[in-house]
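The values are calculated or read from the model by the stated rules, or taken from the named source; none is laboratory data. A quick note: this is a predicted structure, and the numbers were derived from the prediction, not measured. All Cβ positions, even for glycine, are placed from backbone atoms using ideal geometry, and neighbour counts span all protein chains on display. Side chains are part of the model used for accessible areas, which takes the heavy atoms of the whole protein and leaves out ligands, DNA and RNA. Shrake-Rupley method; radii C 1.70, N 1.55, O 1.52, S 1.80 Å.
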Amino acid sequence: MTEQELIHGCQRQDAYCQHLLFRQYSEKFMGVCVRYAIDNAEAEDILQEGFIRIFRYIHQFKGEGSFEGWMRRIVVNCALKVIQKRKIHFVEANEVTLSATPQIHATALDQLSAQDILRLVNALPPGYKTVFNLIVVEGFSHEEVAELLGIQASTSRSQLVKARKMLQNQLAHLQKMTG
Amino acid sequence: MDNQQFDQFFKDALHNADAPVPAHVWANIVTDKAVADNLTDIKQPVSDKVWDAIEFDEVAHQKLRSWHAHVPADMWSRIVKERKRRRVAAWQVSIIGGIFAILFTGLVWHKFTKTPISPLMLSSHSAETITNSNAKTIQSGTAAINGKSGSSISKEKLPETQVSAVDNTTNRLEKAVGVVIPITTNRVFNTTKRAGIARVNRLPSYTQNNTGNTNSTEHFFTPNDEFSITPENTVFSKDNWLTPFTANKSASFSLASDAHLRGKMFGSNITDCPSVNSRPHKEWALEMYAGPALGIAAHGTQPSGNDFVRRFDSATSAAVTYSAGFRVSKYLGSGLYAKAGLQLTQLAQKFAYQSENERKTVTIITVRNVVRGPGDTVRVTDTSSFVQVGYANYKSRNLVRSIDIPLTLTYNVVNNDRFQLGVTTGVIVNLQTWYQGTVFDKNMSTVHIGEELGYKNNIGVAFMAGLHLAKPITDRLGVFAEPYFRYNMQGLTSPSSPYKQHYHQVGMQLGIKWKMNNKSSNF
């Protein structure tokens with residue numbers, strides 16, 4: 001079944017097509033949810049809500065742009081709603097103080113698996129993690145992130161800088177430990 | 001100079017006009033250019049941190065963007081269940097919202113469509129009289145309270161002669177609820193009692209003759225009464241609820257038809273003294289009913305094609321079954337009833353089908369006598385069997401049973417003691433549906449009806465409309481008949497089923513109505 005047929009099937013609320021769509025994308029989107037959630041249970045809730053919204057609003061997809069991107073955006077929005085319910089505090093730009101960032105070898109980065117990186121990202125404070133995910137992984141701009149999270153673009157920048165610095169510190173620490 | 005010439009003049013004057021340029025403008029341009037030329041190729045060392053950040057972001061993006069995580073096995077069933085729950089919730093919310101909207105509209109309509117006071121002709125009758133020559137104020141036999149004072153009468157709207165008459169000789173009737181009926185001399189105030197009044201309020205009516213003697217009699221004065229003032233010389237009170245009338249006009253009032261007037265005269269007691277057309281708001285009744293029901297198939301487009309439908313249709317036929325239930329009825333006023341209850345509906349379908357490749361084993365026993373000689377006869381029994389392959393005809397009675405909550409409104413167009421005729425409409429919310437019987441599957445094989453064929457346990461909401469005919473038998477008991485049509489919004493089968501089964505329903509509900517509040521006068 002082509003993607004177009006799958007979309008039309010889902011737009012007709014065909015249960016078979018919906019299940020097919022779920023099987024095709026659920027693991028990928030679970031990967032998205034895990035990055036935003038605090039634990040697996042919350043990630044599952046986000047995924048469930050995401051797919052319910054996808055099936056509900058799929059008639060609004062007009063075939064412009066990537067279908068996966070459209071769905072991913074819905075899932076990310078669901079994740080952000082959960083995050084907003086948690087009332088994460090985003091540190092303002094003027095509160096950020098930068099110190100020297102440790103040097104990390106490029107090879108060390110290549111050796112890291114996705115699981116390792118995910119573990120490091122998940123260890124970030126929720127605000128840093130959210131901004132890092134939105135900007136670095138999803139590819140949103142600071143302005144878009146500011147709009148999505150209801151914060152200032154400068155806050156988003158500072159969150160990213162700090163998130164990156166924390167990650168690099170952790171990586172440097174790992175580098176030292178592994179020799 | 002016209003407009004065109006004016007424009008041309010300014011155009012010619014301004015088009016080639018020069019303006020002096022300040023000297024520093026050129027200096028600025030030269031400076032900016034020099035700075036720009038010097039900075040274009042300038043190189044500045046870039047911190048390694050920048051590249052690290054870019055590289056790190058790139059790695060994180062690549063590795064996390066396409067990363068897949070494990071999804072629990074039951075996630076799909078959770079999503080399906082949650083979607084179903086939300087659909088049901090959305091329906092429930094919309095139904096409840098709709099009911100509230102209807103009730104609110106009904107109440108608003110009821111509030112703003114009260115019948116204006118209208119005169120009615122009445123008959124008078126003679127009454128036992130008593131002489132009450134001294135009393136200026138005669139109070140009712142129940143309780144006397146402060147009513148409207150005589151000074152509240154709008155004198156300026158009355159003819160001059162009557163104003164003086166009121167001033168001089170007005171008698172006041174005060175009712176416990178504050179009704180003031182000033183009557184001048186030489187007036188006759190009669191009431192006509194109607195039969196079948198359950199409870200009465202007592203008000204005197206009296207006649208005062210020209211000699212100055214007031215003849216008064218006590219009548220049982222009820223909300224169903226009609227009363228009139230004799231023509232030409234009667235003055236009646238006016239305090240914003242009774243239309244004043246002049247001496248040369250006659251007027252009659254019917255408490256039975258004037259809710260406004262009745263409310264003014266009887267106040268809060270009105271619920272205890274119901275009338276024919278305006279029932280008290282306490283009226284609750286229990287209705288129990290049962291009756292025949294017949295399903296009407298609405299196939300529509302079938303996923304399995306028309307051949308399947310033809311064969312399916314030829315194999316099935318509708319059968320009459322029943323629906324039964326009970327509901328509570330609440331009178332809202334102005335002939336409008338809200339009803340809610342619980343009902344069981346059973347639809348039936350005769351399903352006749354042939355089963356192919358039916359095998360039947362036939363055993364043949366042949367008995368013969370072999371005569372081998374005189375007196376030597378042997379009885380020989382041969383047994384043989386064979387299998388017949390053919391088809392068999394079967395008949396099945398398929399049943400669809402459902403438990404529903406009917407939420408309806410009945411509006412009675414005819415609404416009196418002897419007969420009621422109205423229309424009923426509302427929604428029927430399905431709680432649970434279950435099935436019994438045999439149907440074809442996708443391959444035209446017979447299978448038992450079940451969820452695996454896509455039959456739903458809940459068929460959602462249906463709309464119903466019908467007529468309501470009722471006949472009171474006693475004060476509390478009545479019978480009713482309600483022919484109806486039920487339109488099911490959803491079919492019995494889900495979209496994944498090989499075929500679509502969608503039924504509507506016609507039927508008749510025959511039942512009894514038991515009035516729970518005996519204070520009301522009728523149904």
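Brief remarks on what is shown
- Extension gain (nm, one decimal) between B:V506 and B:V93, 0.36 nm per residue minus Cα-Cα: 146.0 nm
- With the charge dipole of region B:323-386 set up from +1 on Lys and Arg Cβ and -1 on Asp and Glu Cβ about the Cα centre, the Cα lying farthest toward the positive end among the listed residues B:V378, B:F326, B:L336 is that of B:L336.
- For A:R53, A:R157, B:R418, B:R85, the ranking by accessible surface with the largest value first comes to B:R418, B:R85, A:R157, A:R53, using a 1.4 Å probe.
- Average beta-carbon neighbours from other chains, 10 Å sphere, peptide B:75-83: 6
- Beyond 32 Å in Cα-Cα separation lie the following of the pairs B:K456/B:K513; B:K360/B:K442; B:K84/B:K339; B:K339/B:K456: B:K456/B:K513.
- Placing +1 on the Cβ of every Lys and Arg and -1 on the Cβ of every Asp and Glu, with nothing else charged, gives region A:3-86 a dipole about its Cα centre of roughly 300 debye.
- Taking every residue in A:29-35 and counting other chain Cβ atoms within 10 Å of its Cβ, the average works out to 5.
- Using the Cβ-Cβ distance between B:A465 and B:F104 with R0 set to 22 Å, the FRET efficiency from 1/(1 + (r/R0)^6) comes to roughly 0.60.
- Loss of accessible area when A meets B, both sides summed, Å² nearest 100, probe 1.4 Å: 3500
- Extent along principal axes [Cα atoms of region B:349-422; Å; largest to smallest]: 101, 32, 17
- Descending Cα extents along the principal axes, region B:398-490, whole Å: 60, 22, 20
- The P(r) of region B:462-518 has a tail past 14 Å containing 65 percent of all C-alpha pairs.
- Of B:T446, B:H504, B:S494, farthest towards positive along the dipole that unit charges on Lys, Arg, Asp, Glu beta carbons give region B:437-519: B:H504
- 1.4 Å probe, heavy atoms, protein only - residues of region A:139-179 losing at least 20 Å² accessible area vs chain alone: A:R164, A:Q168
- Enclosed volume per residue, in Å³, of the convex hull spanned by Cα atoms of region A:1-53: 72
- Distance between modelled label sites at B:T361 and B:S66, nm, 7 Å Cα→Cβ extension: 6.4
- Solvent exposure of B:S94, expressed as accessible area, is near 60 Å², computed with a probe of 1.4 Å over the protein chains only.
- Under 5 Å, built H, 5+ apart or other chain: amide partners of A:Q152: none
- In this simple spin-label approximation, B:F419 and A:F61 carry label points 7 Å from Cα along the Cα→Cβ vector, and these lie 6.3 nm apart.
- Residue-wise HN-Hα coupling along region B:391-397, computed from phi with Karplus coefficients 6.51, -1.76, 1.60 (Hz; x: Gly, Pro): 10, 10, 9, 10, 10, 10, 10
- B:V320 sits among other residues whose Cβ lies under 14 Å from its own Cβ, and their net charge, with Lys and Arg +1 and Asp and Glu -1, is +2.
- Inter-chain neighbour count for A:116-124: the average number of beta-carbon atoms from partner chains within 10 Å of each residue's beta-carbon is 2.
- Computed extension gain for B:M444 through B:S496, at 0.36 nm per residue and net of the alpha carbon distance, reaches 17.1 nm.
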